[in-house]
1. In terms of solvent-accessible area of protein heavy atoms at a 1.4 angstrom probe, what is the ranking of TYR150, TYR83, highest value first?
2. Long-range amide H contacts for PHE121: which residues qualify at under 5 Å (H placed 1.01 Å from N, peptide plane, sequence gap of 5 or more or a different chain)?
3. Just how much of SER148 is accessible, in Å², when a 1.4 Å probe is used and the result is rounded to the nearest 10?
4. Using a 1.4 angstrom probe, figure out how much accessible area the chain has per residue, in square angstrom, rounded to the nearest whole.
5. Picking from ILE92, ILE32, ILE155, which is most flexible by a Gaussian network model of the chain using Cα springs under 10 Å?
6. Can you check what the net charge comes to around TRP193, using other residues whose Cβ is under 12 Å from the Cβ of TRP193 (Lys, Arg +1; Asp, Glu -1)?
7. Quick check of the Kirkwood formula: for the chain, what is the inverse mean of 1/r over all pairs of different Cα atoms, in Å?
8. Within the accessible area of the range 63-136, what % is carbon and sulfur when the probe is 1.4 Å and the other protein chains stay in place?
Amino acid sequence: MSGVQTPETGASRGDHRLVAGLVTPGARVLDIGCGDGALLDLLMREKQVDGRGMELSQAGVNACVARGLSVVQGDADRDLEDYPDDAFDFVILSQTLQATRAPRKVLEQLLRIGEHVIVSFPNFGVWRNRLQLLFTGSMPVTEHLPYSWYDTPNIHFCTIRDFVSLCREVDARMEKAMALNARGEPVPFTAPWWVWNLIGEQAVFLLRR
């Protein structure tokens, strides 16, 4: 499953630096939906990880190989079952969960194969999306959700509150969570989930089973 790209590309994407900051140097890492390999490349250069990637698109795989990365073509909905339990220290699903066909199953597989799981996603519940739906009656098109309803790769939109509920359903422990503003920076204060759900453009979660 390919990471859903936004107008922010490569290492400039705000969540890449935040995700990298959660990863232990030298860790075994699997980046699922790794796109052009920008995040995996960042982790290998700055954290010296033992990095692997999975990417659905052939163009993405080719871009990763051109960077010298170890990436296979695969689909998060089908191919995670091939990995053994506890195969990695960190499994990353960056901006990809909403594009999977079975998000709960995918999350359960991530928690099985990784000691730690990092998930980032756009928050469909942010206030500007709510206003766009309220005043225009049409599906929001924003910087972080840049596709029209008929050509979007996102098939399961979710909010921060939705994801928290899913974590509870699969009994995942939330070790760290961050809501990000429009600049891709963490919201600089602690707040109840409903506040983050209203103001967060994106979210990053560090989980373990």
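1. Listed by decreasing accessible area, they come as TYR150, TYR83.
2. Correct list: GLN95, ALA203.
3. Here the residue's solvent-accessible area equals roughly 40 Å².
4. Heavy-atom accessible area per residue stands at 45 Å².
5. Highest fluctuation among the options: ILE155.
6. Counting the neighbours of TRP193, the net charge comes to +1.
7. When all Cα pairs of the chain are included, the Kirkwood radius is 17.0 Å.
8. It is 53 percent, rounded to a whole number.
The values are calculated or read from the model by the stated rules, or taken from the named source; none is laboratory data. If you're wondering where the values come from, they're calculated on a predicted model, not measured in any experiment. Neighbour counts run over all protein chains shown; Cβ positions are idealised from the backbone, glycine included. Accessible surface areas use protein heavy atoms only, side chains included; no ligands, DNA or RNA. Shrake-Rupley method; radii C 1.70, N 1.55, O 1.52, S 1.80 Å.
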